Amino acid sequence: MKILFIHQNFPSQFVHLAAHLAQNKKNKIVALTVSQPQPISGVMLRPYTLLRPAAPETHPLLKDQESKILLAEACAAAALQLKREGFVPDIIIAHPGSGEALFMKDVFPQAKLIIYCEFYYNLEGQDVGFDPEIPPLNFQQRCRLRLKNTNNLLSMEIADAAISPTKWQKSTYPSWAQEKITVIHDGIDVERLTFNPHARIEVAANQHHGALSFNPGDEVLSYVARNLEPVRGFQCLMRALPNILRKRTNAHALIVGGDGLGYGHCAPNSLSWREYLTAEVGGELDLRRVHFLGKVPYQTYLDLLSVSKVHSYWTTPFVLSWSFLEAAFSGLPVIASNTQPVTEFATKLGVETFDFFDVDAFAEKADRLLQTKMNLRRKVNFPELYLENSLKQQVKLINDI
């Protein structure tokens, strides 16, 4: 079987599936991508670039659309080159969010297209309007958000099948579109989440403290996000930390995440959210015991899950993070916001929840768990999300279409 993966940041959500399919020597796997990822054995990478830059005079409401069309155009050009070289896929598996899948059926009309349905934007009932601190969208912003689904809709129309990783993410789509979506999670590789009693996290010296080292058993509260921002409740964490650190005089917070903006709005005064919220909390926060690690290698992240005593997770009604599920599957005690993406899994994972904005409830739960004697990591029995089961379902869907 010939399979074409399309994702500007490949492998991303397709990392396990692409590697699994490539193990079968009867398959020929190609990936079109903008990034320069680490190679996956058996997967031929074909990076591509935009054919031209965006035009500065584009209508403001069409700027997002133009960026997606430019990616779709460049991706189609790369696909046409593959076709000239003799590669015609039986299956195309694409993330449609950036527009790359839009013209694939025009290049390969006989191929079956599977799209990854991550999130459908809505003007109410999800992330928009959830946080009262964020000003409501003005009319132009509402129009722009509505247009963000253009790509979703066009890709859904031409797709032969679709996958959403969670039931809640599927539910964000219109009812007619949900009929085409099968819920299959990307899969959790439980084996690599095994507790490591020898794990260690090193923190370099700065103006607040000397060099530090943390090991399993230390009073460590962890927080992980791609970027430190309100969509992932970073503001709530920062506002809760002074209370937690006052109660737990030996506790330290290890915070992973960059200063960029992944989702939502910017912090005031051109500051990063880390800078803005550190200034807001001010002298109440003991910066000798709060450590911003930035973005870290995956192995450091795994070590953090072994070192941490309690893991914290927030999300608005938005895409669920892998870190939430991986922390829970590692057996680490997790406390998380009781928002819909979390509550779909919280009971089966044994995760304690709290209201997203209730920093006192979070601090109370964190205090209790931090003072609990560390025991052996608990075993999480949730086979529906095990990697091998997810791969079986994904391969079945591919074979069925």
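Readers should treat all values here as calculations from the given coordinates under stated rules, not as data from a laboratory. Note that this is a predicted model, so its numbers are computed, not measured. Cβ coordinates were reconstructed from backbone atoms using ideal geometry, including for glycine residues, and neighbour counts include every protein chain displayed.
Span-like helix criteria (full DSSP H runs; alpha carbon extent of at least 30 Å along the helix axis; mean Kyte-Doolittle hydropathy of at least 0.5) are satisfied in the chain by no helix. Applying 0.36 nm per residue to the separation of Ile134 and Glu57 and subtracting their alpha-carbon distance, the gain on full extension is 24.8 nm.
Close amide H contacts of Ile93 (hydrogens built in the peptide plane, cut-off under 5 Å, sequence separation of 5 or more or a different chain): Leu4, Phe5, Ile6, Ile114. With a 10 Å cut-off between alpha carbons and a GNM built on the chain, which of Asp106, Asp218, Asp127 moves the most? Per the Cα network of the chain with a 10 Å cutoff, Asp106 tops the list. Across the alpha-carbon set of region 57-178, the Rg to Rh ratio works out to 1.03, Rh being the Kirkwood radius.
Under 14 Å from a label point set 7 Å out along the Cα-to-Cβ vector of Leu147, the amide N atoms of region 66-97 belong to 66-70. Taking the inverse of the mean 1/r over every pair of distinct Cα atoms in region 190-382 gives a Kirkwood hydrodynamic radius of 16.7 Å.
Distance between the modelled labels on Gln81 and His265, one decimal in nanometres: 4.2 nm (7 Å Cα→Cβ projection).
Can you work out the PRE-style zone for Lys295? Point 7 Å along Cα to Cβ, and I want the residues of region 1-41 with backbone N under 14 Å. Answer for this model: 9-12, 35-38. Counting beta carbons within 10 Å around each of Phe108, Phe130 and listing the fewest first gives the order Phe130, Phe108.
In a simple Cβ point-charge model (Lys, Arg +1; Asp, Glu -1; nothing else charged), the chain has a dipole of about 920 debye relative to its Cα centre. Counting only residues at least eight positions apart within a chain, or on another chain, the aspartates and glutamates with an alpha carbon under 18 Å from that of Lys83 are Glu73, Glu100, Asp106. Listed values (i) 74, 55, 32; (ii) 82, 47, 37; (iii) 65, 49, 40 include one computed from this model; for Cα extents along the principal axes in Å that value carries the label (iii). Helical runs assigned H by DSSP (4 residues or longer) give the chain a calculated mean residue ellipticity at 222 nm of -9500 deg cm²/dmol, each run adding -39500 (n - 2.57) before division by the residue total. Here, P(r) means the percent of Cα pairs in each 5 Å bin from 0 to the largest distance; for region 153-204 it is 4, 16, 19, 13, 9, 7, 8, 8, 7, 8, 1.
Each residue in His185, His20 was given a count of other beta-carbon atoms within 10 angstrom of its own, and listing them fewest first yields His20, His185. Between the residues Ala94, Leu80, Ser175, the greatest Cα displacement towards the positive end of the dipole of the chain, with unit charges on the Cβ of Lys, Arg, Asp and Glu, is found for Leu80.
For Lys167, a cut-off of 22 angstrom between C-alpha atoms picks up these lysines, skipping any fewer than 8 places away in its own chain: Lys148, Lys180, Lys348, Lys392, Lys396.
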